[in-house]
Amino acid sequence: MAEHIYTHDNPPNQRHLDQICKVLDSNGVVVMPAGVSWMFCCDAGSKKGVQRMASLKPDRDEKKPLSLVCSSISMATEMADVDGFAFKILNRIVPGNFTILLPSSRMLPKILKNKREVVGLRVPDEPILLAVVEQFGRPLVATSIPKSVDGQSFTMGYEIADTFGHGLDLVVDLGEEIDGLLTTIIDLTHGEVDVIREGAGDLSRL
């Protein structure tokens, strides 16, 4: 059963950051707040962690690009092929509630241990999550939390711990309710902005 910790982000608790990174570095699966929603996450380079995370969301379409959480545009450019046009867009919308689809970089298959032509990148506006990724030093693979059996989004950490705790190692909780909104997905793989899904990300920033 997952350990459930309550922490803070102003400033982040260093002991908790160390604990989270230790779990991630040991093929662990963690639940964390990600701005407007909760997310499952694990080390992007952990095949075991990715498999464990996938088992928590068996209905996910495996053909969809994986989402990587980065701490900065600089880290994102290591994961994806970011041309001048994409760089300008990234500067306008990150950090924020966007998932950006971009062509994978040459080094990405070595990190993810699989070949993906397109990768989804997030640089969320969530201090505790950014602090974790920055200290961890490499991106996390992330996916949203499935909805409950009655179709509702989970908004509290204890709800997620009760439902998915059997497959998790750690639930990181700020003690706050989170709306459970979707990110805005934009595709930049063709040299223009293609809005795939309109969500919490403010399109006026484009």
> So which residues in segment 150-165 are of a type in the set (A, V, I, L, M) and under 18 Å from ALA54 (Cα atoms)?
Replying inline: ILE160, ALA161
> Taking segment 121-140 only, how many residues are in contact (Cβ under 8 Å) with a residue 60 or more places away in the chain, surrounded by 23 or more Cβ atoms within 10 Å (Cβ to Cβ) and not β-branched (Val, Ile, Thr)?
Replying inline: 6
> What are the residues in segment 177-206 that are of a type in the set (A, V, I, L, M, F, W, C), touching a Leu at 6+ places or on another chain (Cβ under 8 Å) and within 17 Å of LEU102 (Cβ to Cβ), if any?
Replying inline: ILE185, ILE186, LEU188, VAL193, VAL195, ILE196
> Does THR143 satisfy the condition of being assigned to a strand (DSSP E or B), touching a residue at least 24 places away in the same chain (Cβ under 8 Å), polar (S, T, N, Q) and surrounded by 15 or more Cβ atoms within 10 Å (Cβ to Cβ)?
Replying inline: yes
> When only residues in segment 1-47 that are within 12 Å of VAL141 (Cα to Cα) and of a type outside the set (A, V, I, L, M, F, W, C) count, which is surrounded by the fewest Cβ atoms within 10 Å (Cβ to Cβ)?
Replying inline: LYS47
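The numbers here are math on the coordinates, done by the rules we state, and not lab data. Keep in mind that this is a model prediction, so the values were computed, not measured. We place every Cβ from the backbone using ideal geometry, glycine too, and count neighbours over all the protein chains shown.
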